1. Tell me, what is the Rg over Rh of the stretch 174-244, with Rh the Kirkwood radius over Cα pairs?
2. Over the chain, what is the relative contact order in percent, taking alpha-carbon pairs closer than 8 angstrom and at least six residues apart?
3. Suppose we keep just the alpha-carbon trace of the stretch 38-90; what are its Rg and Dmax in angstrom?
4. Set the Förster radius R0 to 25 Å, insert the Cβ-Cβ distance between Asp83 and Ala63 as r into 1/(1 + (r/R0)^6), and round the FRET efficiency to 0.05.
5. So which GluC sites (Glu not before Pro) in the stretch 185-242 pass both tests, a DSSP loop state and at most 10 other Cβ atoms within 10 Å of the Cβ?
6. At 0.36 nm per residue, and after removing the present C-alpha to C-alpha distance, how many nm does the segment from Tyr230 to Leu159 gain when stretched out fully?
7. Report the calculated FRET efficiency for Thr39 and Ala115 (r = Cβ-Cβ distance, R0 = 30 Å), to the nearest 0.05.
8. Just the accessible area for Asp202, please: 1.4 Å probe, Å², rounded to the nearest 10?
Amino acid sequence: MTADLIPSTERSPLSSPPVTQAVILAGGQGSRLRPYTDTRPKPMIEIPGTGIPIVGHQLQWLAEEGVTDVVISCGHLAEVLQDWIKTAELPLNVATVVETEPLGRGGGLKFAAAALPRKDEPWYATNGDIWTRFPLRDMADFHSERDAHATLALARPRLPWGTVETDQFGNVLDFIESPPSPYLINAGVYVFSAEFTGMLPDLGDHERSTFPRLAREHRLSGWELPQGVYWRAIDTAKDLSEAAKELAAAREAQ
């Protein structure tokens, strides 16, 4: 499988009980990926050369990390994703819910979480446009150790520009092509406590309401992706082509 080109690292020896359920947010319009998203939702887009849509990769990854049940929150062209689920050979149980009207990211999470099979257990969540592979169970252990209600995966993406290094006198010392960002960003993958579901808004963005409150209470944590982990959000056609190049390079390097 192409997903093997994005290796995970081994799980740490000290671990908490596995998280076995997850939500995938797949309801966005994907307007920046048109014309691809004129006929399919963004998670159904295939990275060229992989033979698998983004959501297929995510489901395989979640299954390998111990997840047995996934709820996919659908919206734009939901029937395309639902038809694919009916015919695909999936490694876990998948249910879908459909937002008949936009609920916002927080509302969408809450709506989907209501369909999870084990309401008293923690759960993962991921945005439907994330192409990555890393040890989710290590992230869940980190989350448990800190007694957090929510833990965000944090990425340090490469800058799209080359940078110039100078000394204190203004002499150019070096040119660095696409260096890692000095700032961490929200990687769009989460671990949530069972109680977190009730903290989400029915409508709106949890990153402007729930997350700031949890941060003030020191119940929000951030787990930085291990060095060397592949991560990319597929937001534009350029992201699609860059991901294809990166995966082809990884295949050649094996």
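The values are calculated or read from the model by the stated rules, or taken from the named source; none is laboratory data. Worth saying up front: this structure is predicted, and the values here are computed from it rather than measured. Note that each Cβ is placed from the backbone with ideal geometry, even for glycine, and that neighbours are counted across all protein chains shown. Just so you know, the surface numbers come from the protein's heavy atoms only, side chains and all, with ligands and any DNA or RNA stripped out. Shrake-Rupley method; radii C 1.70, N 1.55, O 1.52, S 1.80 Å.
1. 1.06
2. For the chain, the relative contact order is 25 percent.
3. 11.2, 34
4. So the FRET efficiency works out to roughly 0.75.
5. Answer in residue order: Glu217.
6. Roughly 24.1 nm would be gained on extension.
7. 0.70
8. Result for Asp202: roughly 110 Å² accessible.
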